[in-house]
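**Q** Could you have a look at this structure, given as structure tokens, before my questions?
What follows draws every value from the coordinates through simple rules; no lab data is involved. In this text, all values refer to a predicted model and were calculated from it rather than measured experimentally. No Cβ is skipped: glycine too gets one built from the backbone with ideal geometry, and neighbour counts run over all protein chains shown.
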Amino acid sequence: MGGQEQEFVNLAFDTNWIAPLGPNVNGFENDISQYANVGHSAALSSGTAAIHLALIILGVRRGDDVLVSTFTFSGSVNPILYMDALPVMVESEPTTWNIDPQALREAIEDRKRLTGKVPKALILVHLYGMPAMLDELLAICKEYGIMVIEDAAEAMGSSYDGKKLGSFGDFGIFSFNGNKIITTSGGGALVSNNKKWIEKSRFLATQARDKAVHYQHSELGYNYRMSNIVAGIGRGQMLVLDQWVEKRRQVNQFYRELLKLYEGIEFLTEPNDKYYSNHWLTAITLDPKQHASEDLRLHLLKDNIEARPLWKPMHLQPIFAKYPYYGNGWSEEMFAKGLCLPSGSNMTEENYDRIQRAIESFFS
């Protein structure tokens, strides 16, 4: 927390706005839109809910193909199954760890050959806050007429060529889950420059209640709206977002300085000046011929320091294993040798010292 969140929460209580609407919801949506430089936003219960609503509004139907990164969290893929659509998982490339343009084109062409039509949409993930190869990926989607849902759940505060992530797709989504760069304890947002789409998302997120004195419903709705209390936390968090991004980048630099002494370690790194990552998590890989990532994880855990493996690819997950996958197994190798290191915005000097001692003892 940054310290001012409680003021907005108190405002919700003082004005008796407790429901999933109110001044904090409106203010938080305005803050998000201005920060991301996107015309309109809807504050929702989660980033997953935002993806779900985006798929509905884009007209995804049962049996439609939806492209998505395999190297991501399941929240990127689950909404595709909510729609009874078909997730088509695409491999990542080694520069940004995001969707490989070549693999994307191969997937589109093969699905076109098999089904007679191109996939309906692409859920484009920015993994660990690192921007994807947006120029290449967006050009391919434009060529085939594929709509883009930009999954910036991990990437709020990151930018590409000076433009904030979340603003490149037909839709952008953010997550404010407890582990994200800013948090509302739970929550998310859907953003777009299309005003009617965002108005539609708010309608669907409040049980699709028609404009009538009585409760009347002509469409299937969802209970996806963010409460005025939770939005108050978000308004306070927006005030410190840039500070938190800088802190995460400082954490990343700490690990780079600490680990540069040891061979066989590589970082997820910005390819050039066009890329600006919030470094939501500092992610590394270890050469398995020299060090086992699981050995390092367990060594840190002995000191009550939590590190985690990289995301297990979606095509390896039991629930998604039967669906199409286009790739060469690169993400499987990354899962086997990668690690996410402690990266909280509230890291103290004592935390840094503990981590440094533990890592040095491992390599010695």
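**Q** Please turn the phi angles of the range 54-67 into ³J(HN,Hα) values with the Karplus equation 6.51 cos²θ - 1.76 cosθ + 1.60 (θ = phi - 60°), one per residue in order, whole Hz, x for glycine and proline.
**A** Per residue, the Karplus-derived 3J(HN,Hα) values read 4, 5, 4, 5, 7, x, 5, 10, 4, x, 5, 7, 10, 7 Hz.
**Q** Another question, if that's okay. Please check which bits of the range 92-115 a label hung off R256 would reach, taking the label as a point 7 Å along Cα-to-C-beta and the cut-off as backbone N under 16 Å.
**A** Backbone N within reach: 96.
**Q** Now for a separate question. Please tell me the relative contact order of the chain in percent, rounded to the nearest whole number, where contacts are Cα pairs under 8 Å and at least six residues apart.
**A** RCO, the chain: 22 percent.
**Q** Once you put a point 7 Å from the Cα of T269 and another 7 Å from the Cα of F363, both along the Cβ direction, what distance in nm separates them?
**A** The two pseudo-label positions are separated by 1.5 nm.
**Q** Another question, if that's okay. How big is the gap, in Å, between the Cα center of the range 29-60 and the Cα center of the range 161-206?
**A** When both Cα centres are located, 3 Å separates them.
**Q** Additional query: Per-residue HN-Hα couplings for the range 142-155, Karplus 6.51 cos²θ - 1.76 cosθ + 1.60 at θ = phi - 60°, whole Hz, x for Gly and Pro?
**A** 5, 4, 9, x, 9, 6, 10, 9, 8, 7, 9, 4, 9, 10
**Q** Here is a further query. Once label points are set 7 Å from the Cα along Cα→Cβ at both E106 and T348, what is their separation, rounded to one decimal in nm?
**A** 5.0
**Q** When you count, for each residue, the other Cβ atoms within 10 Å and take the mean per peptide, how do 280-291, 94-105, 317-328 rank with the highest first?
**A** Highest to lowest by the protection proxy: 94-105, 280-291, 317-328.
**Q** For a protection proxy built on the mean count of beta-carbon atoms within 10 angstrom, sort 346-353, 128-135, 239-246 highest first, please.
**A** 128-135, 239-246, 346-353
**Q** Over the range 262-364, what is the relative contact order in percent, taking alpha-carbon pairs closer than 8 angstrom and at least six residues apart?
**A** This gives 33 percent for the range 262-364.
**Q** Mind checking the full-extension length gain between N328 and A208? Use 0.36 nm per residue of separation minus the Cα-Cα distance, one decimal, nm.
**A** Here the segment from N328 to A208 would lengthen by 38.9 nm.
**Q** Hey, what do the phi angles of the range 318-324 turn into as Karplus ³J(HN,Hα) couplings, whole Hz, using 6.51/-1.76/1.60 and θ = phi - 60°, x for Gly and Pro?
**A** Along the range 318-324, the couplings run x, 6, 10, 4, 7, 8, x Hz.
**Q** May I ask you to compute the full-extension gain from M1 to Q356, defined as 0.36 nm times their residue separation minus their alpha-carbon distance, rounded to one decimal in nm?
**A** 125.3 nm
**Q** Specify which residue in the list M83, S159, Y35 is farthest towards the positive end of the charge dipole of the chain, using unit charges on the beta carbon of Lys, Arg (+1) and Asp, Glu (-1), about the Cα centre.
**A** With unit charges placed on the Cβ atoms, the residue in question is M83.
**Q** Kindly count the pairs of lysines across the range 5-240 whose alpha carbons are less than 26 Å apart, treating pairs on different chains or eight or more residues apart as eligible.
**A** Here the count comes out as 25.
**Q** Placing unit charges on C-beta atoms (Lys and Arg positive, Asp and Glu negative, everything else neutral), compute the dipole magnitude of the chain about its Cα centre in debye, rounded to 20.
**A** Once rounded to the nearest 20, the dipole reads 1040 debye.
**Q** Please work out how many pairs of lysine residues in the range 242-363 are eight or more positions apart (or on different chains) and have Cα atoms closer than 19 angstrom.
**A** For the range 242-363, the number of qualifying lysine pairs is 5.
**Q** Would you mind classifying the range 325-364 by shape? Square roots of the alpha carbon gyration tensor eigenvalues, ordered a ≥ b ≥ c; an a/c under 1.5 is rounded, otherwise it is prolate if a/b is larger than b/c and oblate if not.
**A** Here the range 325-364 falls in the oblate category.
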